[in-house]
Amino acid sequence: MGAEIHGTQKFNESKRTEIKFSEEAMATAKLLMSNYPQGKEKSAIIPILHIAQAEFGGWLSPEAMDYVAEILNIRPIEVFEVASFYTMFHLKPVGKCVFEVCQTSSCWLNGAEDIVKHIEKKLGIRVGETTADGMFTLKVAECLGSCGTAPMLQCGASYHENLTFEKVDRLIADYRTENKQKNYTDLDYKNTL
Amino acid sequence: MPRKLLIQNVDVPGISSLETYRAHGGYASVEKALKTMRPEDVVEEVKKSGLRGRGGAGFPTGLKWSFLAKPEGVPRYLVCNADESEPGTFKDRFLMEKTPHSLVEGMITSAYALGVHTSYIYIRGEFFYVARILENAIKEAYAAGLLGKNILGTDFSLDCHVHVGAGAYICGEETALLESLEGKRGNPRIKPPFPAVAGLYGCPTVVNNVETIAAVAPIVNMGGDEYAKIGIGKSTGTKLISASGHINKPGVYEIELGLPVEEFIYGEEYCGGMRNGKKLKAVVAGGSSVPILPADLILKTANGEPRLMSYESLGDGGFQTGTMLGSGGFIVMNEDTSIVKNLFTFTRFYHHESCGQCSPCREGTGWMEKILQKFINGTAQESDVDLLWDVQGKIEGKTICPFGEAAAWPVAAAIRHFKDEFLEIARNKKFVDISHYEKLNGGLS
Ligand SMILES: Cc1cc2nc3c(=O)[nH]c(=O)nc-3n(C[C@H](O)[C@H](O)[C@H](O)COP(=O)(O)O)c2cc1C
Ligand code: FES
């Protein structure tokens, strides 16, 4: 069945200490594995790593990767090989909201550098750093397929486009106030700006 | 009115739902193909249509399909390339987000033509919310008997799955995509064998771009000959163009191939001219990989003919004075733009995205970025221009996949057409950048 999807449910209620998927997450992982021919379940590794990242606090610890290896019945190194190749997987802890500001051509032409500087000033951190309260991590990213609505940034599953300084300020304030109810590594969050 | 075949209904409220999509003629190609045509007839129509791959390379789709090996008892796969990561390109996202059923319809009709019973849509991980839109569309299609067993009561069956990636431009290269889909790092494979013979899980596989697959539906509906009447010469049909940069109306436009570039940039129906009345300086016409052209050469060929949005016209003059249609990522730059800085953003991108298998690419992209960084820092010397030229020439043609060319071409073209800008920075030991200033800061005064 191809119709069922990953990420329909909200994973990650809190930072879990125990390395174990919730029942929902495990059911989704199993469903994902069934999308591929028998014996080829390893194909589901990337989708399952996305779940793991959402389940275990927004990043992939060695233990989290080992756990995914166990689910897929493959060697841990095979998981690490993949996790370390793709930029969406964070192998170090990150803040609750990871701002990824596109810096490639069309975004740069429309002021992406100024957006980055503005966020740095506003949050008091540099690119690559996380705020002391663990709320925000600032990163730069390469073209996110949003060049017509530049400049833009991605946070979790949300695209925030046609950014201005005011929009960024609002975004930061929104994420701060909604912090109590929402966790933005949550894949379910949809752009509301 | 220019013909639109792919995104004509995007403004219809609710078009992303199956019901509305069908009410507007959706899934007619599935009905027609499965009930009245043999698979080989569908392939024949696609051949006649002259459709060329919309992912960037422009390879004739019908021909590609006819290469698909069909050994007995071996499954075949159709994989849709929705990785869309070429800087400047966002048309596939637009199509999938606005009218997801167009892609699902194309997948079914194409799979029928190819005798495929399992298909995947590989979508870049960042497009997570788009993946969910597609998944909903697929769910609806299953429920309506358009996917699954015995589609529309025929004996054709098809499964379709969405597979999300996780951020790697190289996974747009078809063999890297297949590696990734198999659960590995996205390292391109050595070819041959081509995917048509040994693709996903070693089985015969067709990989096509989102827009290519979506175009199959109108082709089947109207017939290949009719489709071929649209466009110009060997550039048949319509094409989605992603327009961005210093223009009044950035966005995705469906054009009939053959539209004059000038009309595309200045026409009210399209980009609506340059923002703030600035002058046009340069255009990257087909995504970051294709050669940049200065204003005079993008508007007219070296022979003084009007430049058209077509594979042939954009390619006119080769790389000396021409470029490529590529993926249709059309980036427009105004008179304030630093070509050197723009190139720097491209090269930084390629360095970041190199998969690292081939030394010329892994090391060369890093060197190019470093040299360009010297220009940005104002510490470059005149000889660095020659060094940069030398390095790009040592990447091109020396790598497993065309990523090497994709990284080298923009560098070569920037030097070819804008060498003076590099030299000026080197001579003055100073780099001034105002290109990015006007949108957020209202311009430098
Ligand atoms: C580095 C690199 C990146 C590519 N990225 C994409 C992409 O994002 N989307 C795409 O459709 N094709 C991309 N391609 C082209 C594919 O390899 C392949 O030619 C294409 O998917 C075939 O589909 P088409 O014939 O329908 O265009 C890329 C190629 C290279 C070398
Ligand atoms: S350049 Fe920023 S989204 Fe494409």
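The values are calculated or read from the model by the stated rules, or taken from the named source; none is laboratory data. Everything numeric in this text was worked out from a predicted model, so none of it was measured. Note: ideal-geometry Cβ built from the backbone for every residue, glycine included; neighbour counts use all protein chains shown. Note: accessible area is taken over every heavy atom of the protein model, side chains too, but ligands, DNA and RNA are not part of it. Shrake-Rupley method; radii C 1.70, N 1.55, O 1.52, S 1.80 Å.
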ask   = With segment B:308-361 as the region, which helices (runs of 4 or more DSSP H) entirely inside it contain at least 3 residues that are surrounded by 22 or more Cβ atoms within 10 Å (Cβ to Cβ) and not aromatic (F, W, Y)?
value = B:339-353
message = Quick test of your reading of the structure: B:G378 fulfils all but one of (1) in contact with a helix residue (DSSP H, G or I) (Cβ under 8 Å, 6 or more places away or on another chain); (2) under 26 Å from B:R307 (Cβ atoms); (3) free of Cβ contacts under 8 Å to residues at least 60 places away in the same chain. Name the failing condition by number.
response = (2)
task = For residues that are crowded, with 24+ Cβ neighbours inside 10 Å and in a loop (DSSP other than H, G, I, E, B), scanning just segment B:238-256, find the one that is farthest from the other protein chains (Cβ to nearest Cβ).
result = B:H246
remark   = Conditions (1) over 30 Å from B:N342 (Cα atoms); (2) modelled with pLDDT under 95; (3) outside any helix (DSSP H, G or I) -> B:A57 fails only (1)
message = Can you tell me which condition A:M152 does not meet? The list is (1) away from ligand 2 (no atom under 16 Å from the Cβ); (2) open to solvent by less than 10 Å² (accessible area, probe 1.4 Å), and all the others hold.
response = (1)
request  = Output the residue which, of all residues in segment A:24-52 that are at the interface with another protein chain (Cβ under 7 Å from one of its Cβ atoms) and among the β-branched types (V, I, T), is surrounded by the fewest Cβ atoms within 10 Å (Cβ to Cβ).
outcome  = A:I45
note = In the set B:G73, B:G125, B:G58, the lone residue that is open to solvent by less than 10 Å² (accessible area, probe 1.4 Å), out of contact with any Asp or Glu (no Cβ under 8 Å at 6 or more places or on another chain) and more than 17 Å from B:A214 (Cα to Cα) is B:G125
query = Filtering segment A:135-149 down to residues that are outside any loop (DSSP other than H, G, I, E, B) and in contact with a strand residue (DSSP E or B) (Cβ under 6 Å, 6 or more places away or on another chain), which residue is farthest from the other protein chains (Cβ to nearest Cβ)?
reply = A:F136
key: Any chance B:R22 is under 21 Å from B:K139 (Cα atoms) and either open to solvent by 40 Å² or more (accessible area, probe 1.4 Å) or within 16 Å of ligand 2 (Cβ to nearest atom) (or both)   = yes
key: A:P62 being modelled with pLDDT of 95 or more and either in the same structural domain as A:Q154 (by TED's automatic domain parsing) or open to solvent by 60 Å² or more (accessible area, probe 1.4 Å) (or both)   = yes
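The rows are residues; the columns are (1) assigned to a loop (DSSP other than H, G, I, E, B); (2) open to solvent by 10 Å² or more (accessible area, probe 1.4 Å); (3) within 13 Å of another protein chain (Cβ to nearest Cβ).
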residue	(1), (2), (3)
B:V79	no, no, yes
B:G88	yes, no, yes
B:L95	no, no, yes
B:E105	no, no, no
B:A137	no, no, yes
B:V162	no, no, yes
remark   = In segment A:65-93, anything open to solvent by 40 Å² or more (accessible area, probe 1.4 Å), over 14 Å from the mean Cα position of the chain (by Cα) and within 11 Å of chain B (Cβ to nearest Cβ) is listed as A:F80, A:E81, A:S84
ask   = Checking B:E179 against (1) at the interface with chain A (Cβ under 8 Å from one of its Cβ atoms); (2) free of Cβ contacts under 8 Å to residues at least 40 places away in the same chain; (3) within 23 Å of the chain's Cα centre (by Cα), which test does it fail?
value = (1)
query = Would a scan of segment A:100-109 turn up a residue that is within 16 Å of ligand 2 (Cβ to nearest atom), within 10 Å of chain B (Cβ to nearest Cβ) and of a type in the set (F, W, Y)?
reply = yes
ask   = Does B:E396 satisfy the condition of being charged (D, E, K, R) and assigned to a loop (DSSP other than H, G, I, E, B)?
value = yes
task = Would you check which residues across segment B:144-160 are surrounded by fewer than 20 Cβ atoms within 10 Å (Cβ to Cβ), facing chain A (nearest Cβ under 10 Å) and either within 12 Å of ligand 1 (Cβ to nearest atom) or in contact (Cβ under 8 Å) with a residue 40 or more places away in the chain (or both) and list them?
result = B:D159
ask   = Within segment B:363-372, is even one residue hydroxyl-bearing (S, T, Y), open to solvent by less than 10 Å² (accessible area, probe 1.4 Å), within 14 Å of chain A (Cβ to nearest Cβ) and farther than 28 Å from B:T212 by Cα?
value = yes
ask   = Can you tell me which residues in segment B:185-203 are within 14 Å of chain A (Cβ to nearest Cβ) and away from ligand 1 (no atom under 11 Å from the Cβ)?
value = B:R185, B:N187, B:G199, B:L200, B:Y201, B:G202, B:C203
